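Asker: Sharing a structure with you now.
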Amino acid sequence: MRYNYCPKCGNKLTLKPAGDDGLVPYCEKCSKFWFDSFGSCVIIMVINELEEVAMLRQQYMSSEYKNFVSGYITVGETAEQAAFREVQEELGIALDDLEYSGTWWFAEEELLMHGYIGRATKKDFNLSKEVDSADWIPLAELTEHMYPDSPGNAQYGTYRVYMERKL
């Protein structure tokens, strides 16, 4: 989000030098800089002991491809807490372990995606209302179900990290 007006008092912001950051929107009344902000999400590749990966179908995102578990980080929550929460909410299963895989900038939505590899014991899913279906997909078949690789694709990025660490 790019600020034109102060979120605190509503005054029109002016551009003011802010050290190495160059010209930044500034509120004269509040004496405060308002740096651009963006959303942060988590994306979790949930893998079980049989090397199957939980893949979700969410029609509002795609009717063609399946997704890893993902969701927004809420205010006051760490990325790790969000990852555990999202898996529990969307799949109805608990993670046994969580490993960081990196961050990816999703320019289309102006989101910073925090990637994780989560381990869980294979169980039946108890899906949330926002998930249309989910399956355990064998690792060898995973890329057939994923969005095509592209810059900033956190799903592929997390998958590649998992495969590199596996070697």
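Asker: Collect the residues in the stretch 92-113 that are within 17 Å of GLN155 (Cα to Cα), over 11 Å from the mean Cα position of the chain (by Cα), of a type in the set (A, V, I, L, M) and modelled with pLDDT of 95 or more, keeping them in residue-number order.
Answerer: The one that is within 17 Å of GLN155 (Cα to Cα), over 11 Å from the mean Cα position of the chain (by Cα), of a type in the set (A, V, I, L, M) and modelled with pLDDT of 95 or more: LEU98.
Asker: So which strands (runs of 3 or more DSSP E) are wholly in the stretch 1-85 and hold at least 2 residues that are within 28 Å of the chain's Cα centre (by Cα), of a type in the set (D, E, K, R) and assigned by TED's automatic domain parsing to the domain that holds GLU109?
Answerer: Details: elements: 14-17, 23-27, 39-47, 52-57, 69-72.
Of the strands (runs of 3 or more DSSP E) lying wholly inside the stretch 1-85, those with at least 2 residues that are within 28 Å of the chain's Cα centre (by Cα), of a type in the set (D, E, K, R) and assigned by TED's automatic domain parsing to the domain that holds GLU109 span 52-57.
Asker: Quick one: how many residues across the stretch 58-79 are closer than 22 Å to LEU112 by Cα, of a type outside the set (Phe, Trp, Tyr) and touching a residue at least 24 places away in the same chain (Cβ under 8 Å)?
Answerer: 9
Asker: I would also like to ask the following. Looking at the stretch 11-21, which of its residues are under 17 Å from SER37 (Cβ atoms) and exposed (fewer than 13 other Cβ atoms within 10 Å of the Cβ)?
Answerer: Within the stretch 11-21, LEU15, ASP21 meet the criteria.
Asker: Could you go through the stretch 44-61 and let me know if any residue there is hydroxyl-bearing (Ser, Thr, Tyr), in contact with a His (Cβ under 7 Å, 6 or more places away or on another chain) and surrounded by fewer than 18 Cβ atoms within 10 Å (Cβ to Cβ). So that I can check it myself, show each step before the final result.
Answerer: First, pick out the residues of the stretch 44-61 that are hydroxyl-bearing (Ser, Thr, Tyr): 60.
Restricting the remaining residues to those that are in contact with a His (Cβ under 7 Å, 6 or more places away or on another chain) gives none.
No, the stretch 44-61 contains no residue that is hydroxyl-bearing (Ser, Thr, Tyr), in contact with a His (Cβ under 7 Å, 6 or more places away or on another chain) and surrounded by fewer than 18 Cβ atoms within 10 Å (Cβ to Cβ).
Asker: Can I ask one more? State which residue is surrounded by the fewest Cβ atoms within 10 Å (Cβ to Cβ) when the search covers only the stretch 67-125 and only residues that are β-branched (Val, Ile, Thr) and more than 25 Å from LYS166 (Cβ to Cβ).
Answerer: Residues of the stretch 67-125 β-branched (Val, Ile, Thr): 69, 73-75, 78, 87, 93, 103, 117, 121.
Still in the running and more than 25 Å from LYS166 (Cβ to Cβ): 73-75, 78.
Working: ILE73: 20, THR74: 10, VAL75: 5, THR78: 11.
Filtering the stretch 67-125 for residues that are β-branched (Val, Ile, Thr) and more than 25 Å from LYS166 (Cβ to Cβ), the one surrounded by the fewest Cβ atoms within 10 Å (Cβ to Cβ) comes out as VAL75.
A quick yes/no check of all residues on (1) touching a helix residue (DSSP H, G or I) at 6+ places or on another chain (Cβ under 8 Å); (2) part of a strand (DSSP E or B); (3) in the same structural domain as ARG85 (by TED's automatic domain parsing):
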{"site": "GLU108", "(1), (2), (3)": "no, no, yes"}
{"site": "LEU112", "(1), (2), (3)": "no, yes, yes"}
{"site": "GLU130", "(1), (2), (3)": "yes, no, yes"}
{"site": "ASP135", "(1), (2), (3)": "no, yes, yes"}
{"site": "GLU141", "(1), (2), (3)": "no, no, yes"}
{"site": "TYR147", "(1), (2), (3)": "yes, no, yes"}
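Asker: Pairs only if they're at least six apart or on different chains, beta carbon under 7 angstrom, first in the stretch 123-136 and under 17 Å from ARG85 (Cβ atoms), second assigned to a loop (DSSP other than H, G, I, E, B); list them, first residue then second.
Answerer: PHE125/GLY92; PHE125/ILE93; ASN126/GLY92; LEU127/GLY92; GLU130/GLN58; VAL131/GLN58; ALA134/PHE125; ALA134/LEU127
The values are calculated or read from the model by the stated rules, or taken from the named source; none is laboratory data. Model, not experiment: these values are computed from the prediction. Every residue, glycine as well, gets a Cβ built from its backbone with ideal geometry; the counts of neighbours run over all protein chains shown.
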